[in-house]
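Everything on this sheet refers to the single structure shown next.
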Amino acid sequence: MAEFTMELNDEQKEVRDWLHGFAADVIRPAAAEWDEREETPWPVIQEAAKVGIYSLDFYAQQYFDPTGLGIPMAMEELFWGDAGIALSIVGTGLAAVGVLANGTEEQIGTWIPQMYGDASDVKVAAFCSSEPDAGSDVASLRTRAVYDEAKDEWVLNGTKTWATNGGIANVHVVVAAVDTELGSKGHASFIVPPGTPGLAQGQKFKKHGIRASHTAEVILDNVRIPGSCLLGGKEKLDERLARARERAKSGGERVKNAAMATFEASRPAVGAMAVGTARAAYEVALDYAKTREQFGRPIIDNQGVAFQLADMRTQIDAARLLVWRASWMAINGKPFTAAEGSMSKLYASETAKTVTAQAVQILGGNGYTREYPVERMHRDAAIYTIFEGTSEIQRLVIARTLSGMPIR
Ligand SMILES: Cc1cc2nc3c(=O)[nH]c(=O)nc-3n(C[C@H](O)[C@H](O)[C@H](O)COP(=O)(O)OP(=O)(O)OC[C@H]3O[C@@H](n4cnc5c(N)ncnc54)[C@H](O)[C@@H]3O)c2cc1C
């Protein structure tokens, strides 16, 4: 276990500064344009691929940082640049993690390279779990996967929604029910390879924020995929289903809502994204407050403004510490006995909303226009309390974990 320290080591500082340079020189200058265009910023993803930021290797390296701080540090810097563009860069990682977590070595080796493509021909991937009637309540998803034994193929039918990169992805990872009686225990994840007939993009959403990130419905109409596209393989699935049926028969363990139970480990990473957006808005507000003069003095000379900035910075630092604690616990195999992952996501995402709103206020009329980036940051920040489990779901997870009670 790494020795406890509050300081980044030299290697981490080097990576952080390199990422910050990319965020400042490449991402931030492109942010307003891609926000207005509401399109995937392919040229920026390509730049990220060229320098090695858009690749599995880069995330693997950060993930295996023994202090646990590699991923949160990377997320904070990229999202400091711009949340929409950064999500376009890291969104593929969601699908890649789905394969890494459940796939066989062969599946990992086959599909992850196809998710990223290469610098001359970048690709993206999508993770499709949410559905119109299954958001927070992921256990109730309706997409079905039926096995056609004669052909050794799976047939997928259903409608996914809110999929980041949905429909434009080279590879889609789809969560579907193979046994509807078992709730989330009856779910499995499937790879839908590039160009598979029956998969189509539905509505592309016009969003409030993170508009450079593509979000769309994905329609699955008799999508036939080889048996080898079931992540983890059929034998493992059959064993898992048999165990779950056994438990259900004996009236044992309650089938948990997947939204409550999964993604706990990925939540600190989302918290780090929120810290990045909050810090970006705070920095703009601090600079502005020092230079904008009213009543013959900089507005920061007023406690009413200066104290807001003091609170903003305090909350950002507190959020980062919660994110770092959870990330350190996760890499060191410490169980989240007080739902520390959810705590970090909850606090950081609420902080991003509050801090970006305060930044708009400190910039006055300018803060309300697209001439200044805090307007965009404020819109972007609203996503953090919604995706990867809303703030209410985080509170449910925390309260249930602390109390052991089935709080509703
Ligand atoms: C931009 C964007 C990108 C996304 N990307 C992806 C993606 O790549 N892949 C993917 O699978 N999904 C993705 N999502 C989906 C996201 O995870 C869901 O939107 C989220 O889980 C909430 O589900 P919902 O929108 O259906 O809201 P609902 O579940 O309908 O919730 C509505 C409101 O009710 C509250 N609520 C619900 N249940 C409870 C409860 N038990 N107690 C208290 N309050 C409750 C919620 O907190 C919320 O305030 C994305 C969403 C967005 C907006």
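Tabulated data for the structure shown
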{"quantity": "Entries of K185/K236; K160/K234; K160/K207; K123/K234; K185/K234 with Cα pairs more than 20 Å apart", "calculated": "K160/K234; K123/K234"}
{"quantity": "Highest to lowest packing among 190-202, 155-167, scored as the average C-beta count within 10 Å", "calculated": "155-167, 190-202"}
{"quantity": "Overall form of the stretch 204-251 per C-alpha gyration tensor (a/c, 1.5; a/b vs b/c)", "calculated": "prolate"}
{"quantity": "Low-density loop positions, chymotrypsin sites (Phe, Trp or Tyr not before Pro), the stretch 1-92 - DSSP coil, at most 13 other Cβ in 10 Å", "calculated": "F4, F64"}
{"quantity": "The stretch 106-181: mean projected area of Cα convex hull, nm²", "calculated": "6.5"}
{"quantity": "DSSP loop GluC sites (Glu not before Pro) with at most 13 other Cβ within 10 Å: longest gap in the chain", "calculated": "8-252"}
{"quantity": "Translational diffusion of the stretch 47-121, µm² s⁻¹ [Kirkwood Rh, Cα pairs; Stokes-Einstein; 10 °C; 1.306 mPa s]", "calculated": "122"}
{"quantity": "Alpha-carbon centroids, the stretch 31-86 and the stretch 185-213: separation in whole Å", "calculated": "20"}
{"quantity": "Radius of gyration, Dmax [the chain; alpha carbons; angstrom]", "calculated": "21.8, 82"}
{"quantity": "Mean accessible surface per residue for the chain, computed with a 1.4 Å probe while every protein chain stays in place, in Å²", "calculated": "46"}
{"quantity": "Whole-percent carbon and sulfur share, accessible surface of the chain, 1.4 Å", "calculated": "53"}
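The values are calculated or read from the model by the stated rules, or taken from the named source; none is laboratory data. Computed from a prediction, not measured in an experiment: that's the story for all the values here. Note that we place each Cβ from the backbone using ideal geometry, even for glycine, and neighbour counts take in every protein chain shown. For accessibility, only protein heavy atoms count, side chains too; no ligands or nucleic acids. Shrake-Rupley method; radii C 1.70, N 1.55, O 1.52, S 1.80 Å.
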